[in-house]
């Protein structure tokens, strides 16, 4: 009986183990290749940001009469599968975006789902092809801070060529401190979504297991 | 002698005709499938705009403390192969971009070469993966104007689903009146390029013949 009991226990534990691993794998795999349902605003927004590698970063240009100035930039919000939702950038003041931000921190960062390739046949402006604009302040990070080290690791992991960019261009790490989120991912207008809900969404703690 | 003279003239005219047609065809074919060399700033900029179907349109958001607000939009600068370089948009004031522009026309429109697929393995922020920002004024067009009719035809040709978008959303046609051009398409900083050079570039008059 004792041996039988151990066998049963072993069998049950094995099944539980397999179930957990299988669930985890499928969950991770699903999250890494498919998008959350549009009604799940926070996971959807975090998915869109973590799946993207570039967007348009907008600043105020005093050189152009205070016009809003968009610029194509690469970004990362964390190591693959471990994004925190905050976009980090690797910018040089040789480029107007960084120098604009040092004069006026008001900024937004805009990402389209279209380049990810999951919009099917929808037009880029169709509301079912999602888009997100994070508005806030664009700040340079202290290069010795732990956040700057996290951000640099995240950026170089997603954009390997960055580590070889010219040293004399004085690239610095910037972050967007998010104050407002505008996301359209279905019909019916922008999704209600607070910064709190967006940043505290836990999907990245259990996703991307594989 | 008279007949001989006509024959010679006929031969010369035939050769000239063949040469012009051949040049036009090859030129047109090359322009329609490959990008101009980076040093040819005006043709390059017009190529990048005409090959793209969407970008990020930036306005000033009074609702967000005057922040620059980027938004993913579709656009067209003309029928395929007949672009004029001026981006036209189909916007509704249900969306913040159009309502922002009606309060403050300062705007920019940003396009990346990355989604076209011709950046090879360069990162989206690498200067060899080109990007352009057209800065100016975003104005709504009189719907009865000939320019609005041209623009609508251009938009619906490039974005067929637009003609079926909800009538009660009151979509209107906007244009960006370009005042400044910022383009990076190689190492060495932004390419010098005036609006005059950009708009008067003739590539679209003789290109895309095939």
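Taking the criterion of being in a helix (DSSP H, G or I) and touching a residue at least 24 places away in the same chain (Cβ under 8 Å), would at least one residue in the range A:132-144 satisfy it?
Going residue by residue through the range A:132-144, those that are in a helix (DSSP H, G or I) are none.
Checking the range A:132-144: not a single residue is in a helix (DSSP H, G or I) and touching a residue at least 24 places away in the same chain (Cβ under 8 Å).
Every test in (1) touching a helix residue (DSSP H, G or I) at 6+ places or on another chain (Cβ under 9 Å); (2) more than 8 Å from every other protein chain (Cβ to nearest Cβ); (3) more than 20 Å from residue B:114 (Cβ to Cβ) is passed by residue A:156 save one, and that test is (3).
Residue check: residue A:117 meets all listed conditions (1) over 27 Å from residue A:172 (Cα atoms); (2) under 20 Å from the mean Cα position of the chain (by Cα); (3) crowded, with 16+ Cβ neighbours inside 10 Å but one, namely (3). When the range A:104-123 is filtered for residues that are touching a helix residue (DSSP H, G or I) at 6+ places or on another chain (Cβ under 6 Å) and more than 9 Å from chain B (Cβ to nearest Cβ), only A:116 remains. When the range B:55-73 is examined, which residues are found to be facing another protein chain (nearest Cβ under 7 Å) and in contact (Cβ under 8 Å) with a residue 60 or more places away in the chain? The one that is facing another protein chain (nearest Cβ under 7 Å) and in contact (Cβ under 8 Å) with a residue 60 or more places away in the chain: B:59.
Taken over the range A:147-205, residues that are in a helix (DSSP H, G or I) and surrounded by fewer than 17 Cβ atoms within 10 Å (Cβ to Cβ) amount to 18.
Condition check ((1) surrounded by fewer than 21 Cβ atoms within 10 Å (Cβ to Cβ); (2) touching a residue at least 40 places away in the same chain (Cβ under 8 Å)) across all residues:
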| residue | (1), (2) |
| --- | --- |
| B:76 | no, yes |
| B:83 | no, yes |
| B:90 | no, yes |
| B:98 | no, yes |
| B:103 | yes, yes |
| B:121 | yes, no |
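Laboratory data are not the source of any read-out in this text; all were calculated from the coordinates shown. Source: prediction; values computed, not measured. Because the Cβ atoms are built from the backbone with ideal geometry, glycine has one as well, and the counts that use them run over all protein chains shown.
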